[in-house]
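**Q** Below you'll find the structure I mean.
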Amino acid sequence: MRRYDPRQLTLRCSGRSAARPAAELKRWAFCRKIMKLATFILMSLLIGSAFVGASSGQKPDPFANVPASQRDRLKSRLTEFVDYHRTKQWERVYDLLAERSKQAVEGGLPKDLFLKKKLYSEAKKFTPTSIQKMDDDWWMIWGCATYQRGGAMESALEAYFQDGNWFFSDIWSSPPCIDCTPRSCKH
């Protein structure tokens, strides 16, 4: 196999060299056609996917990562949990709290203490935007929540699949960093 000087390659790519053997010219022309075809296909896919995404106008399903066998139940339990917040049914909010969330408070979190100390957020609405699996039965749900005070802010809650059902942490505003204020959002 011959080695080429880079200057000769430049001349050869520009087609100004007449000294190339015919077989080499054919191989070079074939390679250029393949590269053009590959570039064309790649650009078509990129442009096509942009049009499909833009024309559908649909947001991706935030529940897509959740196993299909658990997805509908998570949606309905999350809806209940948010409705209980909105309607201020704090005893029912407590019933949907995960044991991990109750145990996070030193000495545990009995219902009477939860209600007496008002250890709940006053979220009126929550729209999930993404869900990520953290562990076998632990999921993070990010979204936009509207609070009694403060309006709509980026928020999150944890979801736990325990004993065949979904339970949650409370909904909290989730600033992008420790010292930052929560960012506003739209449902």
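The values are calculated or read from the model by the stated rules, or taken from the named source; none is laboratory data. Quick caveat: nothing in here was measured; it's all calculated off a predicted structure. Don't worry about glycine lacking a Cβ; one is built from the backbone with ideal geometry, like all the others, and counts go over all protein chains shown. Just so you know, the surface numbers come from the protein's heavy atoms only, side chains and all, with ligands and any DNA or RNA stripped out. Shrake-Rupley method; radii C 1.70, N 1.55, O 1.52, S 1.80 Å.
**Q** Of the accessible area of segment 81-187, with the probe set at 1.4 angstrom, what percent is carbon plus sulfur?
**A** The value for segment 81-187 is 48 percent carbon and sulfur by accessible area.
**Q** So what is Rg over Rh here for segment 52-187, counting just Cα atoms and using Kirkwood for Rh?
**A** Details: Rg = 15.3 Å, Rh = 15.7 Å.
A ratio of 0.97.
**Q** Follow-up question, since we're still on this one. Residue separation times 0.36 nm, minus the C-alpha to C-alpha distance between residue 172 and residue 127: what's the value?
**A** Gain on extension, residue 172 to residue 127, equals 14.9 nm.
**Q** Per residue of segment 124-131, in order, report the coupling 6.51 cos²θ - 1.76 cosθ + 1.60 (Karplus, θ = phi - 60°) as ³J(HN,Hα) in whole Hz, putting x for Gly and Pro.
**A** 9, 8, 9, 10, x, 10, 7, 9
**Q** Counting only the backbone N, which residues of segment 113-156 are under 13 Å from the spot 7 Å out from the Cα of residue 180 toward its beta-carbon?
**A** Residues passing the 13 Å test: 154-155.
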